[in-house]
Amino acid sequence: MKISEWRLLRAVPLLFARMGMMLSKYWDSPRRRERVKLLLKIRSQRDMLLLPCEACQIMSLVDAVKNVPGDMAELGVASGASAKMISARAPERTLHLFDTFEGLPDPSEQDSSRFNNKQYRYTLDEVQEYLKGANVIFHKGLFPNSTKGISGIQFAFVHLDADLYESTKAGLEWFYPRLNKGGILISHDYDTSAGVNQAFEEFFTGKPEPYFDLVGSQCMFVKM
Ligand SMILES: C[S@@+](CC[C@H](N)C(=O)[O-])C[C@H]1O[C@@H](n2cnc3c(N)ncnc32)[C@H](O)[C@@H]1O
């Protein structure tokens, strides 16, 4: 097969996924319709890097932890699109937002060459403006340095969207002991980023929880 044919074969399903085709049977309940409406609203305001099906999976998990105590967190905020969505589904909970707000740090040798230093750069000011009024706390800086001084917080829901090996590994190490029983952590870029896969494989060796991949490029686990 020629490279151009191979690219086309990959591009067509991706285009359909971006258009939300994987959600063609997602309208069956009022709760699902609410999620899709929120997704459409946020996509009209901001570039959303998540596929529509991935965004709906996140909203479903935020809803699922309603009886688990704890705050919520996102590592990898970029423009604030996914943060807005998470916060809107559970406005009563504090959402902690961790990002350099200067784009990706340097990738390491474990990472795919598609990631670059400073990629996805959005300033703290513009994201704060977009999330004005939401129940969020910003933690600007390189994670996990940006966690220094945070103590006594437990989480019910965590979204990792940091793309890189070192960042994902640090995210798993920091959030895992702070996730309450029944709490959920979901990560983007599983099976599409070698660094994220390696971080999960290494971290979960010897851990009791199974982690599993979802439609799109996410994986998740429930804390036991
Ligand atoms: C793909 S973007 C996040 C996209 C966002 N969740 C969305 O759906 O709109 C990845 C983000 O991770 C941040 N990031 C990656 N590693 C980081 C680290 N170690 N510390 C702080 N931020 C990091 C980058 O600055 C970038 O904004």
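For this structure, a couple of remarks:
- Subset of the stretch 74-122 (residues that are more than 10 Å from the ligand (Cβ to nearest atom) and under 22 Å from Gly149 (Cβ atoms)): Arg93, Thr94, Leu95, His96
Here is a yes/no grid of residues against (1) within 13 Å of the ligand (Cβ to nearest atom); (2) more than 16 Å from the chain's Cα centre (by Cα); (3) modelled with pLDDT of 95 or more:
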residue: Lys25; (1), (2), (3): no, yes, no
residue: Asp28; (1), (2), (3): no, yes, no
residue: Lys41; (1), (2), (3): no, yes, yes
residue: Glu54; (1), (2), (3): yes, no, yes
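- Annotation for the stretch 175-182: no member residue is within 11 Å of the ligand (Cβ to nearest atom) and touching a strand residue (DSSP E or B) at 6+ places or on another chain (Cβ under 6 Å).
- Breaking point among (1) more than 14 Å from the ligand (Cβ to nearest atom); (2) over 20 Å from Pro30 (Cβ atoms), for Asp63: (2)
- Listed by first and then second residue, the pairs with beta-carbon distance under 6 Å, at least 6 apart or on different chains, first residue in the stretch 54-71 and within 16 Å of Thr94 (Cα to Cα), second among the hydroxyl-bearing types (Ser, Thr, Tyr) and in a loop (DSSP other than H, G, I, E, B), are Asp71/Thr94.
- Single residue of the stretch 72-92 satisfying the filter (assigned to a loop (DSSP other than H, G, I, E, B) and either in contact with a Gly (Cβ under 6 Å, 6 or more places away or on another chain) or not polar (S, T, N, Q) (or both)) that is surrounded by the most Cβ atoms within 10 Å (Cβ to Cβ): Val77
- If you go through the stretch 141-171 and pick out every residue that is closer than 23 Å to Arg89 by Cα, more than 8 Å from the ligand (Cβ to nearest atom) and not small (Gly, Ala, Ser), you end up with 6.
The values are calculated or read from the model by the stated rules, or taken from the named source; none is laboratory data. Here the structure is a predicted model, which means the values were calculated and not measured. Cβ coordinates were reconstructed from backbone atoms using ideal geometry, including for glycine residues, and neighbour counts include every protein chain displayed.
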